[in-house]
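The values are calculated or read from the model by the stated rules, or taken from the named source; none is laboratory data. These numbers were taken from a predicted model, which means no experiment stands behind them. Note that we place each Cβ from the backbone using ideal geometry, even for glycine, and neighbour counts take in every protein chain shown.
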Amino acid sequence: MKYKSVTILMADDDPDDRLLTEDALKEARLANEIRFVENGEELLQYLRHQGKFADKTLHPRPGIILLDLNMPKMDGREALQLIKSDPDLRRIPVIIMTTSKADQDILKSYDLGANSYVTKPVTFDELVEVVRGFGKYWFEIVALPD
Amino acid sequence: MSSLPILNNLGEGEAAGTLLIVRYLDNKRFQQLDGAASVAARLTTLAEADLQGRESELRQGTYLIHPKGQVLKGYALLPSIDGGSSLVLAIEEPRTIYQQGLRSVLMLITVLVLLGIAAVTTVVWLLERTLLRRLSSLSKSVRAISETGDITARTKLAGKDELSFLSADINRMLSSLEHQEKALRESNKELEQFAYVASHDLQEPLRKVQAFGDRLASKYAHQLDDDGKLYISRMQDATVRMRGLIQDLLSYSRIRSKGQDFMRVDLNEIVRGVISDLEVRLEQTQGRVKVGELPTVLADPVQMRQVFQNLIGNALKFKKSGVPPVVKVAAKTKDKGHIIVVEDNGIGFEQEYAERVFEIFQRLHGRSDYEGTGMGLAIVKKILERHVGSVRAESEKGRGTRFILTLPNHKDANEMVKKTLAEDTPRVDNQRQARTEMEKEFA
């Protein structure tokens, strides 16, 4: 039951990546609902139910956040910092999912409190594997806060 | 005193006796004479007088005067009463004027010599000061610049003569060199930056092409005819190739910017590692790698591994069909550094391509014959340049290829690398020079 209830919120400005991730979720047979925002600003608005995300039933609080680092307006680093310094939001696990393999991005992300760091896979099959992997880990093995 | 024979009045006949005529001049008288004439006179016999063979002149009644050293000597024949002569009045007078003259001449010469010495000293001092010292200071600074290669240094020579103009010209030349080098460095950096950004950003859309291609192939392949499937597979091959190109370009642009610090690297170990990585290919091709004793160098271990991976990998790739590849890796260490030769018995290439093979994306063969992006040797070259070394190729079509690598030895490497890191630009001329010198020794 708990498995079903976890909503994934993905913050990524790239529509292709959003589409592919959604596809990969299906391919991995994860029945989780996934919602999308396109930048850090929207992410924070969603989490705080502000503006167009005011409706809590249409925009349920996510159990996990997939966060891209490089986005317009507010990038993932800043959003991560804001989430992790917000006592209400800091418990939501944040998985960084980005193309960057740079050491400094990885270190900075963990320093800011990221829970995982994944480099976007090259092929679709690899993406499915990654999604399946973190689905198993985050939704089956790990106990998430309600 | 004189004597005369007494003859008859005709002056003939036998002598009847001898007439002795004596005039007495005592010492007192002589002294009086001396005093009166202020001359030192003395009587001597003809034989005693220093007449220098001029006796006949004296006999004819001439007074003889001749200077002898510091003394003026005069001689007069004292005629005896009978007109004969046997005594000579010799007067010896010290030559005071002559001596004074002599002294003045000596003095003059001394003064002239002293003046000469003073003049020469002055000229030399002036020369030294105005020219030689400045010249040597100029040549010292020019030498220092050429040795350290520090073209930001300047010669310091004030003044308004040709030398200071020369110094200013040298400085101007250095400035323009520095300017050019800076521009070159910036353009290099920009290129690297560009290659990095381009290849980084190019990966993004490519990833999508690949991912959607995968989706198309896995979801809709059954709806496509053979042509459609072929197109998809061609597209997927192309994206794989493109990815290879981009990744090679990315690693090429990262050689300088993302390299590790240098450390002691045992090349024997590196080559062993490479051979074990290539084990499968060695087995497939029945190839062998013969490795001589290799040196320990100061280098980036990952990049050194890449160098041997690319060179030995190439040797196995470009093998003659039906001939098991044999790769020899040997090294020789000289004062100036190490020379490492990687030699194969493969297909080789015409020597005219020996430089082109190191250019980026250069391929000498069709893709269907030999796979690869044409970046391998460009990467090798760039890595060696980062290590202040060099690489060149010797080859003959059908006879295999020799790659000759040079790397500076530890001591120099430390220095050179520090310099290169500071400047971020390889000193091509120095390298080339060091390389040819080393190779001469090697040959």
**Q.** Residue match in the range A:123-142 (condition: within 14 Å of chain B (Cβ to nearest Cβ) and assigned to a loop (DSSP other than H, G, I, E, B))
**A.** yes
Q.
Out of the residues in the range B:132-166 meeting the condition of being in contact with a Ser or Thr (Cβ under 7 Å, 6 or more places away or on another chain) and polar (S, T, N, Q), tell me which one is surrounded by the fewest Cβ atoms within 10 Å (Cβ to Cβ).
A. B:SER141
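Within the group B:ASP169, B:ASP201, which residue is assigned to a helix (DSSP H, G or I), of a type outside the set (A, V, I, L, M), within 14 Å of chain A (Cβ to nearest Cβ) and out of contact with any Ser or Thr (no Cβ under 8 Å at 6 or more places or on another chain)? Break it down stepwise before answering.
On the way: B:ASP169 fails: within 14 Å of chain A (Cβ to nearest Cβ).
Testing whether each residue is assigned to a helix (DSSP H, G or I), of a type outside the set (A, V, I, L, M), within 14 Å of chain A (Cβ to nearest Cβ) and out of contact with any Ser or Thr (no Cβ under 8 Å at 6 or more places or on another chain) leaves just B:ASP201.
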Q.
Checking the condition within 14 Å of chain B (Cβ to nearest Cβ) and within 19 Å of A:LYS120 (Cα to Cα), which residue from A:ALA28, A:ALA11 passes?
A. A:ALA28
Q. Name the residues in the range B:182-198 that are surrounded by 17 or more Cβ atoms within 10 Å (Cβ to Cβ) and either away from chain A (no Cβ under 14 Å) or touching a His at 6+ places or on another chain (Cβ under 9 Å) (or both), would you?
A. B:GLU192, B:ALA195
Q: Output the residues belonging to the range B:222-263 that are out of contact with any helix residue (DSSP H, G or I) (no Cβ under 8 Å at 6 or more places or on another chain), of a type in the set (Lys, Arg) and within 29 Å of B:VAL341 (Cβ to Cβ).
A: B:LYS258
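Given the residues B:SER175, B:SER253, B:SER257, which is the only one that is surrounded by fewer than 16 Cβ atoms within 10 Å (Cβ to Cβ) and at pLDDT below 85? Spell out the reasoning first.
Details: B:SER175 fails: at pLDDT below 85; B:SER253 fails: surrounded by fewer than 16 Cβ atoms within 10 Å (Cβ to Cβ).
So the residue among B:SER175, B:SER253, B:SER257 that is surrounded by fewer than 16 Cβ atoms within 10 Å (Cβ to Cβ) and at pLDDT below 85 is B:SER257.
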Q | Enumeration of residues in the range B:329-354 that are without any contact (Cβ under 8 Å) to a residue 12 or more places away in the chain and part of a loop (DSSP other than H, G, I, E, B) | A | none
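Residue under question is B:ARG234, and the condition is that it be part of a loop (DSSP other than H, G, I, E, B) and either away from every other protein chain (no Cβ under 14 Å) or within 47 Å of the chain's Cα centre (by Cα) (or both); does it hold?
Numbers: part of a loop (DSSP other than H, G, I, E, B): no; either away from every other protein chain (no Cβ under 14 Å) or within 47 Å of the chain's Cα centre (by Cα) (or both): yes.
For B:ARG234, the condition - part of a loop (DSSP other than H, G, I, E, B) and either away from every other protein chain (no Cβ under 14 Å) or within 47 Å of the chain's Cα centre (by Cα) (or both) - is not met.
Looking at the range A:107-122 only, could you name the residues that are assigned to a helix (DSSP H, G or I) and out of contact with any Lys or Arg (no Cβ under 8 Å at 6 or more places or on another chain)? Even if it seems obvious, please write down each step before you answer.
Here is the first cut: in the range A:107-122, the residues assigned to a helix (DSSP H, G or I) are A:107-111.
A:LEU107, A:TYR110, A:ASP111, listed by residue number.
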Q) Does the range B:115-131 hold any residues that are surrounded by fewer than 12 Cβ atoms within 10 Å (Cβ to Cβ) and either aliphatic (A, V, I, L, M) or assigned to a loop (DSSP other than H, G, I, E, B) (or both), and which are they? A) B:LEU115, B:ILE117, B:ALA118, B:ALA119, B:VAL120, B:VAL123, B:VAL124, B:LEU126
Q. Do you know which residues across the range A:7-32 are over 12 Å from the mean Cα position of the chain (by Cα) and not in a helix (DSSP H, G or I)?
A. A:ASP13, A:ASP14, A:ALA28, A:ARG29, A:LEU30, A:ALA31, A:ASN32
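Here is a yes/no grid of residues against (1) within 13 Å of chain B (Cβ to nearest Cβ); (2) of a type outside the set (A, V, I, L, M):
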site: A:PHE36; (1), (2): no, yes
site: A:HIS59; (1), (2): no, yes
site: A:PRO62; (1), (2): no, yes
site: A:ILE65; (1), (2): no, no
site: A:ASP68; (1), (2): yes, yes
site: A:GLY76; (1), (2): no, yes
Q.
If B:VAL297 meets every condition in (1) assigned to a helix (DSSP H, G or I); (2) buried (at least 16 other Cβ atoms within 10 Å of the Cβ); (3) of a type outside the set (Gly, Ala, Ser) apart from one, which number is that one?
A. (1)
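Scan the range B:279-313 residue by residue and report those that are among the hydrophobic types (A, V, I, L, M, F, W, C) and touching a strand residue (DSSP E or B) at 6+ places or on another chain (Cβ under 8 Å).
Residues of the range B:279-313 that are among the hydrophobic types (A, V, I, L, M, F, W, C), as a first pass: B:280, B:282, B:289, B:291, B:294, B:297-299, B:302, B:304, B:307-308, B:311-312.
Those that are among the hydrophobic types (A, V, I, L, M, F, W, C) and touching a strand residue (DSSP E or B) at 6+ places or on another chain (Cβ under 8 Å): B:LEU282, B:VAL289, B:VAL291, B:LEU294, B:VAL297, B:LEU298, B:ALA299, B:MET304, B:VAL307, B:PHE308, B:LEU311, B:ILE312.
Taking the range A:105-117, which residues are within 14 Å of chain B (Cβ to nearest Cβ) and among the β-branched types (Val, Ile, Thr)? Working first, answer last.
Step one: list which residues in the range A:105-117 are within 14 Å of chain B (Cβ to nearest Cβ), which gives A:105.
Listed by number, the list is empty, since nothing qualifies.
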**Q.** Candidate set: the range B:62-108, residues that are in contact with a strand residue (DSSP E or B) (Cβ under 7 Å, 6 or more places away or on another chain), part of a loop (DSSP other than H, G, I, E, B) and modelled with pLDDT under 75; chosen: the one farthest from B:VAL22 (Cα to Cα)
**A.** B:GLN70
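If I go through the range A:46-96 residue by residue, how many of them are assigned to a helix (DSSP H, G or I) and either buried (at least 21 other Cβ atoms within 10 Å of the Cβ) or basic (Lys, Arg) (or both)? Write out each step before concluding.
As a first pass, look at the range A:46-96 and keep what is assigned to a helix (DSSP H, G or I): A:46-47, A:51-53, A:76-84.
Applying the additional criterion that residues be either buried (at least 21 other Cβ atoms within 10 Å of the Cβ) or basic (Lys, Arg) (or both) yields A:46-47, A:52, A:76-77, A:79-80, A:83-84.
Looking only at that region, the number is 9.
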Q. Yes or no: B:PHE212 of a type in the set (Phe, Trp, Tyr), within 14 Å of another protein chain (Cβ to nearest Cβ) and under 30 Å from B:LEU249 (Cα atoms)?
A. yes
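This table checks each residue for (1) of a type outside the set (Phe, Trp, Tyr); (2) closer than 26 Å to B:TYR252 by Cα; (3) in contact with a Lys or Arg (Cβ under 8 Å, 6 or more places away or on another chain).
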site: B:VAL142; (1), (2), (3): yes, no, no
site: B:THR152; (1), (2), (3): yes, no, no
site: B:ARG172; (1), (2), (3): yes, no, no
site: B:ASN188; (1), (2), (3): yes, yes, no
site: B:PHE194; (1), (2), (3): no, yes, no
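Only residues that are of a type outside the set (Val, Ile, Thr) and assigned to a strand (DSSP E or B): list them for the range B:384-409, please. Talk me through it step by step, then tell me what you get.
If we filter the range B:384-409 for residues that are of a type outside the set (Val, Ile, Thr), which is where we start, we get B:384-387, B:389-390, B:392-400, B:402-403, B:405, B:407-409.
Answer for the range B:384-409, where residues must be of a type outside the set (Val, Ile, Thr) and assigned to a strand (DSSP E or B): B:SER390, B:ARG392, B:ALA393, B:GLU394, B:SER395, B:ARG402, B:PHE403, B:LEU405, B:LEU407, B:PRO408.
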